[in-house]
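The values are calculated or read from the model by the stated rules, or taken from the named source; none is laboratory data. Since we're looking at a predicted model, the values are computed, not measured. With ideal geometry, Cβ positions are generated from the backbone for all residues, glycine too; neighbour counts draw on all protein chains shown. When the accessible area is computed, the model is the full protein with side chains, heavy atoms only, and any ligands, DNA or RNA have been set aside. Shrake-Rupley method; radii C 1.70, N 1.55, O 1.52, S 1.80 Å.
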Amino acid sequence: MSTGKFDFRPKLPPWIRIKVPCGEQREHVDALLKTNSLNTVCRGAQCPNLCECWHRGTAAFMILGERCTRNCKFCAVGHVEQPLPPDPAEPEHLAEAAAKMHLAFVVVTSVTRDDLPDGGAGHFAKTIRALKNRIPGVKVEVLVPDFNFVEKDIRTVLDAEPDVYNHNVETVERLTPLIRSKAQYRRSLAVLAKAYSMTDGRIPVKSGIMVGMGETDDEVLRTIRDIRETGATFLTIGQYLPPSAEHWKLERYVEPAVFDSWGAYAKEIGFEHVNSGPLVRSSYYAEELARS
């Protein structure tokens with residue numbers, strides 16, 4: 001892994017030049033989040049699209065605190081073995097903020113909470129219900145951890161009727177034990193398959209991967225096939241950008257044409273909705289992906 005202060009991320013190629021609109025709408029979103037004591041994965045994970053999305057009045061809410069019980073080598077979210085207890089008022093505060101933002105589609109994710117008996121599944125369910133009670137007709141996508149493949153916890157979230165159930169595989173099988181703390185490639189696939197089978201596909205299942213971490217193109221294609229075989233019909237593929245020199249080393253910038261070819265392949269094998277590109281993240285334009 002790189003140890004230099006400035007060499008962890010080589011100069012960005014032309015296709016990753018980010019022109020971000022900033023203005024009053026971003027300030028409005030930021031103020032709402034602070035007033036309601038809410039976190040976003042946009043800021044917590046150092047998303048390159050933060051300014052653009054906040055300018056559009058959208059945000060991916062991150063529940064269950066700011067510290068994760070896992071310590072994945074790609075992730076900018078902080079790590080601690082014993083995070084603070086969940087805030088019982090968080091679901092209602094989140095729903096209120098989403099209503100003030102006039103959101104019709106809300107993405108809710110979380111840190112991983114292996115310290116909680118249900119992994120935070122009940123808190124997810126309360127948040128989904130609070131949103132649907134507060135905003136008539138709202139659509140909710142959840143991006144959940146693996147819940148250690150405890151079936152009752154997966155069902156708890158699904159019983160709250162999210163509109164999309166998302167769990168990211170993140171990387172190819174060979175790199176998973178090196179990069180993903182405590183997570184297992186096959187277990188993540190099992191989570192996707194279980195979510196699909198529990199609702200017989202009525203609730204769309206989604207997953208995503210990052211590239212540029214040392215995987216081969218053939219491994220990416222294998223991963224796309226593995227995800228599709230679970231029953232998942234939504235897929236995102238994006239460029240990995242290391243948050244710091246302490247994180248997993250960037251191995252390559254993938255050209256847009258390659259992303260396009262992977263997206264086309266995913267469509268060919270049965271994915272209904274695919275977003276594949278350098279700046280794609282799980283929640284980036286999720287509302288458009290879900291209704292496309």
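Details
- Some residue of the range 236-251 being closer than 21 Å to LYS194 by Cβ, open to solvent by less than 50 Å² (accessible area, probe 1.4 Å), in contact with a Pro (Cβ under 7 Å, 6 or more places away or on another chain) and polar (S, T, N, Q): no
- Test: residue in the range 220-227 that is polar (S, T, N, Q) and either assigned to a strand (DSSP E or B) or open to solvent by 10 Å² or more (accessible area, probe 1.4 Å) (or both): no
- Each residue in the range 155-183 was checked for being in a strand (DSSP E or B) and free of Cβ contacts under 8 Å to residues at least 60 places away in the same chain, and 1 of them qualify.
- When the range 259-276 is filtered for residues that are on the phi < 0 side of the Ramachandran plot and surrounded by fewer than 18 Cβ atoms within 10 Å (Cβ to Cβ), the ones remaining, listed by number, are ASP260, SER261, ALA264, TYR265, LYS267, GLU268, ILE269, GLU272.
- Residue in the range 192-212 that is open to solvent by 40 Å² or more (accessible area, probe 1.4 Å), assigned to a loop (DSSP other than H, G, I, E, B) and at pLDDT 95 or above present: yes
- Output for the range 71-96, where each listed residue is under 20 Å from the mean Cα position of the chain (by Cα) and within 13 Å of LYS132 (Cα to Cα): PRO91, LEU94, ALA95
- Breaking point among (1) aliphatic (A, V, I, L, M); (2) under 25 Å from GLY201 (Cβ atoms); (3) modelled with pLDDT of 95 or more; (4) surrounded by fewer than 16 Cβ atoms within 10 Å (Cβ to Cβ), for LEU178: (2)
- Members of the range 243-272 found to be aromatic (Phe, Trp, Tyr) and either in contact with a Cys (Cβ under 8 Å, 6 or more places away or on another chain) or within 22 Å of GLY201 (Cβ to Cβ) (or both), listed by number: TYR265, PHE271
- Yes/no for CYS42 being at pLDDT below 55, assigned to a loop (DSSP other than H, G, I, E, B), surrounded by 17 or more Cβ atoms within 10 Å (Cβ to Cβ) and within 16 Å of the chain's Cα centre (by Cα): no
- Count - residues of the range 94-120 that are more than 28 Å from VAL150 (Cα to Cα) and assigned to a helix (DSSP H, G or I): 5
- Reported count of residues in the range 123-154, each being in a helix (DSSP H, G or I), over 28 Å from ILE224 (Cβ atoms), open to solvent by 10 Å² or more (accessible area, probe 1.4 Å) and in contact with a helix residue (DSSP H, G or I) (Cβ under 6 Å, 6 or more places away or on another chain), is 2.
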